[in-house]
Amino acid sequence: MAFKVTPFPEFSWSQSRDAIMQDCLRKYYYHYYASHNGWLGDATDSQRQAYLLKQLSNLHLVLGSAIHEMAHEVIVKTLERQSIATTDEWIRTIKDRLNRAYVESKKQDVWRRAPKKSTMLHEIYYGENKLPDSLVKLIAGKIEPCVRNVFACETFREITTQQGIEIVEAEQMKTTPFDDERMYVIPDLVYKRADGSYVIVDWKTGKEYEQNEDQTLLYAMYAIEHYKVPIDKVEIRLEYLLTGTHKTIAPNQAKMEETRQWVRDSIEQMKRLMENELQNKPLDESFFSAKPDRFKCGGCNFCEICPEARL
Ligand code: SF4
């Protein structure tokens, strides 16, 4: 498909889009609108800068994505009876990945030229060119428990002790229609048991939050509609890899209706921020009010360009 330059981005709904909108409307504007076309050779300075800042990562994200990739490989290879690396090898791989992110972050000129090909850590970009010791210690302390718990979690136990398990989806970004819009979902893992029931797994490397459940209910909504699975045959499992615990959620009609209503309300709120809904043309930047907060602004990718950042 040929790449087409459009003046405004195509609209689609996702849970992360909703989270950014609820967090701060100005940040939402920078992330979804100001950065659009910032990758083009003739982008304006402000488009390019918003686009670059949108690509910033951080140590928690790098660790989370390394653990997700590991869990994916361990589960898929185990089911396919392929050999897998040991826990010690995984620990080394993940430490290397974090070190690489740090080294790449020191080369700002390289990152500026191709921001999707290397990592720039927020902590380095906005910090004093070094990582805070307390953060390094915190992240380092998470690696080993998370890696060990991939091999000790309920999902690994089930796939290694039960027959007839089939992977349905793993780490694939999917779009699904929702009313007249498109919704993005990326379930970490969906597998089917021999009895026809579906398990939706979400790996978590952080603490337990209520929003974690909302996100998985979206995946359940997707599985029910996409695979035509009866609701009583869907089980959601949140795997907390840091603590080695898990939580099972059984979706029901009331929860599904609440989830649908949440998505509808969120889309409606997003549309109120558009001057032209068909084009996804936003209102003027001034309508996207800033919500300054010392803690949030400190972790925001866009504080460099936000006149109202509170630091
Ligand atoms: S710096 Fe603060 S006020 Fe500005 S966009 Fe980010 S979170 Fe919002």
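Data for the structure
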quantity	calculated
Test: residue in region 181-201 that is in contact (Cβ under 8 Å) with a residue 40 or more places away in the chain, surrounded by 13 or more Cβ atoms within 10 Å (Cβ to Cβ) and in a loop (DSSP other than H, G, I, E, B)	yes
Members of region 155-180 that are hydroxyl-bearing (S, T, Y) and either crowded, with 19+ Cβ neighbours inside 10 Å or at positive phi (or both)	T155
Filter result (in contact with a Pro (Cβ under 6 Å, 6 or more places away or on another chain) and touching a residue at least 60 places away in the same chain (Cβ under 8 Å)) within region 227-272	L242
Of all residues making up region 19-43, the number that are within 16 Å of the ligand (Cβ to nearest atom) and either among the acidic types (D, E) or farther than 20 Å from E304 by Cα (or both)	3
Which numbered condition K207 misses (of (1) buried (at least 20 other Cβ atoms within 10 Å of the Cβ); (2) in a loop (DSSP other than H, G, I, E, B); (3) away from the ligand (no atom under 16 Å from the Cβ))	(1)
Extreme residue, surrounded by the fewest Cβ atoms within 10 Å (Cβ to Cβ), among residues of region 235-292 that are within 20 Å of R17 (Cα to Cα) and among the small types (G, A, S)	S286
Residues within region 171-200 that are farther than 18 Å from S14 by Cα and touching a strand residue (DSSP E or B) at 6+ places or on another chain (Cβ under 9 Å), tallied	8
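Values quoted throughout were computed directly from the atomic coordinates according to the rules given, and no laboratory measurement underlies them. Since the structure is predicted, the reported quantities are computational estimates derived from the model, not experimental observations. Cβ: placed from backbone, ideal geometry, glycine included. Neighbour counts: every protein chain shown.
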